[in-house]
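Working notes, structure below.
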Amino acid sequence: SALLGTAHATHLFDSRGMLGQSMRVQAVCVFFGPIDLLRLYDYARVHQTPQVNEVLTLLGGDPRLNPEQARLSNPLTCQEADTPPFLIVHGLNDTVVPPGQSRLLYDALVARRVPAHLHLIHDAGHTGPAFIAPEINAMVDEFFNRNLRAGPPPEVSSVTESNAVKD
């Protein structure tokens, strides 16, 4: 979703029969998404986590040997002037996709003056009940309701934190 939100003008997602159609979305919500696969690969190798193989599969091999593929898969390299607002949600204890990946995206969006909100959840990992808690659902609903209405969205970026919901 992050790549679709930032790469709409690059025509990466164009397909036959749809070449005249815009791929631009109005708002993007990202839950614990991988952003920079090269950095994720390095993290996974150092920490010996299983996503090493997932990154290799996504990029068709070592990202250092496929620099163009790694660049094209990174939403940080594709930001357009009219990138839509983003809501980014991540658990601070995520060891599959470290929360630094979301921070990279948030910082890049804010630097380009794209409205973005980063919400970090304490004691949450990668997925789990904390991500479907009522306050998270309400935040997502409010984000889409605000950004899918007619008229420009507010130009605000922020970071919030909450506690994870216990089972």
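The values are calculated or read from the model by the stated rules, or taken from the named source; none is laboratory data. For clarity, every value in this text was computed on a predicted model and none was experimentally measured. Here the Cβ is made from the backbone with ideal geometry for all residues, glycine too, and neighbour counts use every protein chain on show. When the accessible area is computed, the model is the full protein with side chains, heavy atoms only, and any ligands, DNA or RNA have been set aside. Shrake-Rupley method; radii C 1.70, N 1.55, O 1.52, S 1.80 Å.
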Any idea what the dipole of the stretch 25-167 comes to, in debye rounded to 20, about its Cα centre with Lys/Arg Cβ at +1 and Asp/Glu Cβ at -1? 220
Considering only protein heavy atoms, what per residue accessible area in square angstrom results for the stretch 73-133 with a 1.4 angstrom probe? 36
Given a cut-off of under 8 Å on Cα pairs at least six residues apart, what relative contact order in percent is computed for the stretch 31-79? 38
At a probe size of 1.4 Å, how large is the accessible area of CYS29, to the nearest 10 Å²? 30
Once you have the Cα-Cα distance between ARG45 and LEU92, take 0.36 nm times their residue separation minus that, and quote the gain in nm to one decimal. 14.9 nm
Just the number, please: carbon plus sulfur as a percent of the accessible area of the stretch 24-167, 1.4 Å probe, no ligands or DNA/RNA counted. 54
5 angstrom amide H check on VAL159, placed H, neighbours 5+ away: LEU118
